[in-house]
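*Asks:* Structure incoming, see below.
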Amino acid sequence: MKRLLIAGVALATGLAATAGAIADPVDDTLEIDGTPIVTRTAAPEGHPFDEVLSGWLFREAETRDVSRDSFENPGMIAVEDGETLWNTVMGSEGKSCATCHDDAAVSMKGVGASFPKWDADSQKPINVELQINKCLTEQMGAEAIGFNKKGQRELTAYIKHQSLGMPVKLDLSEGEMQSWWDKGKDVYYARTGQLNLACASCHEVAMGKMIRADHLSQGQVNGFPTYRLKSGLTSLHQRFRGCIRDTRAEQPKAFSDDLMALETYVTWRGTGLSVETPAVRQ
């Protein structure tokens, strides 16, 4: 308990101490293999910021440069593995993803920019990972892929990469998406854990400041799955759970109602930013 109290005081002190240590987003532009990427744009109505900013703008020059070239981007290995899985027959029906969807560059274009979507069957939002599992079990006679198990991040990265450069935009008029957005907003601002922190504590209140040697961005999710230089390819719910763990709170299960609501709300916060998957971050 004493260690936790010390950690909490240290983190709070660190955030306070950085009040004068501003890490402004850089004035730079991103183009990936000839595709222009929107890294800053006007925020949608009701957003707490006037402008939404990609996390790319808060990274060091070396990290930003890695994102510019897909040959240099280590996350592209996962995209290539995802392409292999896309064309691999799985399950009792003798189908691959390509059997139904053919060329992903055509059929999956825009998918990564518009999920989560409303799923009428479950009466909940569904993200790309859950849609993959729905296709596997209902169309292909295959088993669902467990959270972060081999193939899930790779297929998700491959599918989302087909929307590279397209603007993020959710349809909150579908089904009950708006109510899940509302719930996600509550989750975003709820303080949790022994450190009593919310998502907003770092990514809104302290956005643009320094914590230890890192810059605090707006926490945008337009680049997930993301290649983190310190931990490799990272899924969105893996990152959510990691942040919650760092507040010394109990981690919700991946794809739980709370995290699906949070994904809906946080994705909306990046409306207008380009899909960067797989983004490169620190």
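*Asks:* Just to confirm my filter: which helices (runs of 4 or more DSSP H) fall fully inside the range 73-130 and include at least 3 residues that are surrounded by 18 or more Cβ atoms within 10 Å (Cβ to Cβ), of a type outside the set (Ser, Thr, Tyr) and in contact (Cβ under 8 Å) with a residue 60 or more places away in the chain? Working first, answer last.
*Replies:* On the way: elements: 76-86, 97-101, 104-107, 111-114.
Of the helices (runs of 4 or more DSSP H) lying wholly inside the range 73-130, those with at least 3 residues that are surrounded by 18 or more Cβ atoms within 10 Å (Cβ to Cβ), of a type outside the set (Ser, Thr, Tyr) and in contact (Cβ under 8 Å) with a residue 60 or more places away in the chain span 76-86.
*Asks:* Kindly establish whether Leu164 is more than 18 Å from the chain's Cα centre (by Cα) and either crowded, with 16+ Cβ neighbours inside 10 Å or not assigned by TED's automatic domain parsing to the domain that holds Ser235 (or both). Spell out the reasoning first.
*Replies:* Values: more than 18 Å from the chain's Cα centre (by Cα): no; either crowded, with 16+ Cβ neighbours inside 10 Å or not assigned by TED's automatic domain parsing to the domain that holds Ser235 (or both): yes.
Here the answer is no, as Leu164 does not meet what is asked.
*Asks:* Taking the range 202-234 only, how many residues are closer than 14 Å to Lys160 by Cα, out of contact with any Leu (no Cβ under 8 Å at 6 or more places or on another chain) and either assigned by TED's automatic domain parsing to the domain that holds Phe115 or not in a strand (DSSP E or B) (or both)?
*Replies:* 1
*Asks:* Something else: Please go through the range 143-166 and pick out each residue that is part of a loop (DSSP other than H, G, I, E, B) and touching a residue at least 60 places away in the same chain (Cβ under 8 Å). Show your work before the answer.
*Replies:* Just the residues of the range 143-166 that are part of a loop (DSSP other than H, G, I, E, B), to begin with: 143-151, 162-163, 165-166.
Hits for the range 143-166 are Phe147, Asn148, Gly151, Ser163, Gly165, Met166.
*Asks:* Taking Leu136 as the residue in question, decide whether it is buried (at least 18 other Cβ atoms within 10 Å of the Cβ), touching a Cys at 6+ places or on another chain (Cβ under 8 Å) and in contact (Cβ under 8 Å) with a residue 24 or more places away in the chain.
*Replies:* Numbers: buried (at least 18 other Cβ atoms within 10 Å of the Cβ): yes; touching a Cys at 6+ places or on another chain (Cβ under 8 Å): no; in contact (Cβ under 8 Å) with a residue 24 or more places away in the chain: yes.
Against the criterion (buried (at least 18 other Cβ atoms within 10 Å of the Cβ), touching a Cys at 6+ places or on another chain (Cβ under 8 Å) and in contact (Cβ under 8 Å) with a residue 24 or more places away in the chain), Leu136 does not qualify.
*Asks:* So Gln218 passes all but one of these: (1) surrounded by 22 or more Cβ atoms within 10 Å (Cβ to Cβ); (2) within 24 Å of Lys124 (Cα to Cα). Which condition number does it fail?
*Replies:* (2)
*Asks:* Only one residue in Thr13, Thr29 is of a type in the set (S, T, N, Q) and at pLDDT below 90, so which one is that? Spell out the reasoning first.
*Replies:* Numbers: Thr29 fails: at pLDDT below 90.
Exactly one of Thr13, Thr29 is of a type in the set (S, T, N, Q) and at pLDDT below 90, namely Thr13.
*Asks:* Out of curiosity, is Arg228 within 26 Å of Arg64 (Cα to Cα) and in contact (Cβ under 8 Å) with a residue 24 or more places away in the chain? Walk me through it before giving the result.
*Replies:* On the way: within 26 Å of Arg64 (Cα to Cα): yes; in contact (Cβ under 8 Å) with a residue 24 or more places away in the chain: yes.
Against the criterion (within 26 Å of Arg64 (Cα to Cα) and in contact (Cβ under 8 Å) with a residue 24 or more places away in the chain), Arg228 qualifies.
*Asks:* Considering only the range 259-282, state which residues are in a loop (DSSP other than H, G, I, E, B) and either farther than 20 Å from Gly46 by Cβ or acidic (Asp, Glu) (or both). Can you show your working first?
*Replies:* Here is the first cut: in the range 259-282, the ones in a loop (DSSP other than H, G, I, E, B) are 270-273, 276-279, 282.
Those that are in a loop (DSSP other than H, G, I, E, B) and either farther than 20 Å from Gly46 by Cβ or acidic (Asp, Glu) (or both): Glu276, Thr277, Pro278, Ala279, Gln282.
The values are calculated or read from the model by the stated rules, or taken from the named source; none is laboratory data. Small disclaimer: the values here were computed from a predicted structure and weren't measured. All Cβ positions, glycine included, derive from the backbone under ideal geometry; neighbour counts span all protein chains shown.
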